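So the structure is just underneath, and the comments pick up after that.
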Amino acid sequence: MNNFDKQHGDKVMNRSIIDCGGIPDSEKVQTEVLQCAIDQLSFQGGGTLNIEGGSYITGTIQLKNNVRLNISSDSKLLGSVNIEDYPELPACFHSVEVSYSHKALIWAENARNIAVTGEGTIDFRGEAESFKVDRDEFWNKVDNRPAGVAFFRCTNVRFEKISMRNSPFWMHRHIECRNVFFSEINLHNHCNYNNDGIDLDNCSNVVIDSCHIDTCDDAVCLKSMTSGHCRNIIVYNSILRSHYNAVKIGTETATEVSGLLVDNCELGGSAYPNKIMGTGSRAVSGISLISCDGADLQYITIKNCSISNVMAPLYIRRQNRKRALYFGMPEEHSAGKVENIIISNITAKDTTMPSVIAGIEGSPVKDIKLDNWTVECRGGGDFSQWEDTGDLNWTFPDCTNRGKSFPALGFFLSYIDGVDFNNINIFPAEPDQRSIVSTNSPEDCRYSGKVSVVREENMSR
């Protein structure tokens, strides 16, 4: 008996999609059969709908209270490639993220005790011609690209052991959901623009455990675009790879994001060759923590992680774009906070840029502790291409917006009030003329501790 069955006890009913009228391996879109079975299970108190015996094509289906969708190892759920099979399902509240897309293959709103499990596959088929967009218009054609999973204000949600492939948009988008658990899922999203893995907007009590996530865009991304809060998120024992950021808070961040723990994870660039977003074969950063729309980022711990094949191991940013992200949010708001962050026991290899920690004038990043780091980087830099670009408050926040040349080998600091370095060792592959730690606002930077450079011949190979 699995966890879902234990939770619901004698109330659980099990139904096969075949018994409900499903036809394995048919070219027919079987949305109506699936939805009717889900509705009946929920009406009768809950249960499991088993997808078995082959492949089934569907458009949007809506999970409802106490229903589990279980896909057996010999079966697939295939997303329809006809956009007409994805009706617009606007959520009952509004934020910038809701406006991104009103469509998804698997949808739920105000549902409780729902799950998607099994050792089978959901292939969203986001590479289909009907979902293709050009690079210069991908944000303008979001409604032509359904998300994979979109859950709004749901409670007690589980995803276990399922494989998910190639959404036309974000794979998972969860807004104001509570008690969400991802366990041993395999997520591959490399077919279209905005191919994030798991996006959590003001969700609380979320666990991502023993998952393998490989994406074109951000692998795991926390956002805050409603008037709620994003709290108590745990990511551990997982492999997170991306062409952009492995772990990210942002970009859209309006309220509190606190209590993030990332432990014992492999972070880094994706080896998948079909790059659509990002800057090349590398991820932009392993860890990216951003407040740019008024959010308070605090009480964040990242430890015991390896980072590889990235430009910058770490990017921490505080700025204020003065954007109103949800109804009733004032446009003239403060810059929020970025403080009380601990990142320890980090091994980074094959990096090309320094870590960046930057605030803006009058709004510094505060109380950052970096402990026990080993960084193997390219080195070979000098000051010839460096230009002071100011605080870049209005630019899109990532480490590339200052160009690819920094005056620092290890860490570039700007407008910070309290960064504590302890046992930080940098191993450059080539001799480097730059400072180990550099600032572009020395009078507005307070940091302590030491960062050491270890000679090239002592590098591991």
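To keep it simple, each residue is scored yes or no on (1) at pLDDT below 95; (2) part of a loop (DSSP other than H, G, I, E, B); (3) under 14 Å from the mean Cα position of the chain (by Cα).
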position: Cys191; (1), (2), (3): yes, yes, no
position: Asn194; (1), (2), (3): yes, yes, yes
position: Ile213; (1), (2), (3): no, no, yes
position: Asp218; (1), (2), (3): no, yes, yes
position: Thr226; (1), (2), (3): yes, yes, no
position: Val235; (1), (2), (3): no, no, yes
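Here Ser270 fulfils each of the conditions (1) of a type in the set (S, T, N, Q); (2) more than 20 Å from Asp201 (Cα to Cα); (3) at pLDDT 95 or above apart from (3). Checked against (1) buried (at least 19 other Cβ atoms within 10 Å of the Cβ); (2) within 26 Å of the chain's Cα centre (by Cα); (3) at pLDDT 85 or above, Pro397 meets all criteria but (3). Quick one: is Ile343 at pLDDT 85 or above, in a strand (DSSP E or B), farther than 23 Å from Ala429 by Cα and in contact with a Leu (Cβ under 6 Å, 6 or more places away or on another chain)? Answer is yes for this residue.
Across the range 124-149, the qualifying residues are those that are assigned to a helix (DSSP H, G or I) and modelled with pLDDT of 90 or more, and the one among them that is surrounded by the most Cβ atoms within 10 Å (Cβ to Cβ) is Phe131. If the condition is being free of Cβ contacts under 8 Å to residues at least 40 places away in the same chain, open to solvent by less than 10 Å² (accessible area, probe 1.4 Å), over 17 Å from Lys223 (Cα atoms) and outside any loop (DSSP other than H, G, I, E, B), then the range 150-188 contributes Phe182, Leu187. Determine if the range 192-204 includes at least one residue that is small (Gly, Ala, Ser), in contact with a Gly (Cβ under 9 Å, 6 or more places away or on another chain) and under 23 Å from Gly294 (Cα atoms). Yes, the conditions are met somewhere in the range 192-204. Looking only at residues in the range 18-61 that are under 32 Å from the mean Cα position of the chain (by Cα) and part of a loop (DSSP other than H, G, I, E, B), the one that is farthest from Ala128 (Cα to Cα) is Gly46. When the range 215-259 is filtered for residues that are open to solvent by less than 10 Å² (accessible area, probe 1.4 Å), among the hydroxyl-bearing types (Ser, Thr, Tyr) and closer than 22 Å to Glu339 by Cα, the ones remaining, listed by number, are Ser224, Thr226, Thr251, Thr253.
The values are calculated or read from the model by the stated rules, or taken from the named source; none is laboratory data. In this text the structure is predicted, and so the values were computed from the model without any measurement. All Cβ positions, glycine included, derive from the backbone under ideal geometry; neighbour counts span all protein chains shown. Ligands, DNA and RNA are stripped out before the accessible areas are found, and what is left, the full protein with its side chains, is counted by its heavy atoms. Shrake-Rupley method; radii C 1.70, N 1.55, O 1.52, S 1.80 Å.
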